[in-house]
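The values are calculated or read from the model by the stated rules, or taken from the named source; none is laboratory data. In this text the structure is predicted, and so the values were computed from the model without any measurement. Quick reminder, even Gly has a Cβ in these numbers, built from the backbone with ideal geometry, and neighbours come from all protein chains shown. Ligands, DNA and RNA are excluded from the accessible area calculation, which covers all protein heavy atoms including side chains. Shrake-Rupley method; radii C 1.70, N 1.55, O 1.52, S 1.80 Å.
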Amino acid sequence: MSVVQLASSSNGRVSGKSWKFAKSATVRSQLPEGLKTKKWEDRMAKAQKALAIKKLQSELKDEKQAELQRRREVTKERKQAAEEKRRLEEAKAQMGARKAARLRRKAGRTKKINH
């Protein structure tokens, strides 16, 4: 064991507790084997069980979230398709009206004479 130099205090004195620097956990090897391992193994088994349950719950949650997301996507695509169809119908009707007006003009009709 090597001696560690301690920093001096503000008035130049050095602490006399140089023996107190090295601390480590207390070794508890006096417990009987039966007491030590069984409880530890039980705790570990319980912890593993809890982890497995947590993992399963998170998987189920993710699965549910993915299903909701898929449904939203399907609904969104359906709405977009309907909107596109409506827009195309409007454009088609407008083009039809323009073509009809063009044909009327070609025939020499005007608004006044048309009726």
On average, how much accessible surface per residue is there in the range 43-115, in Å², for a 1.4 Å probe, leaving out ligands, DNA and RNA?
-> 102
For the range 42-115, with +1 on Lys and Arg beta carbons and -1 on Asp and Glu, the positive-most of 80, 53, 101 along the dipole = 101
Of every hundred units of 1.4 Å-probe accessible area on the range 52-101, the number belonging to carbon and sulfur atoms, as a percent, is 56
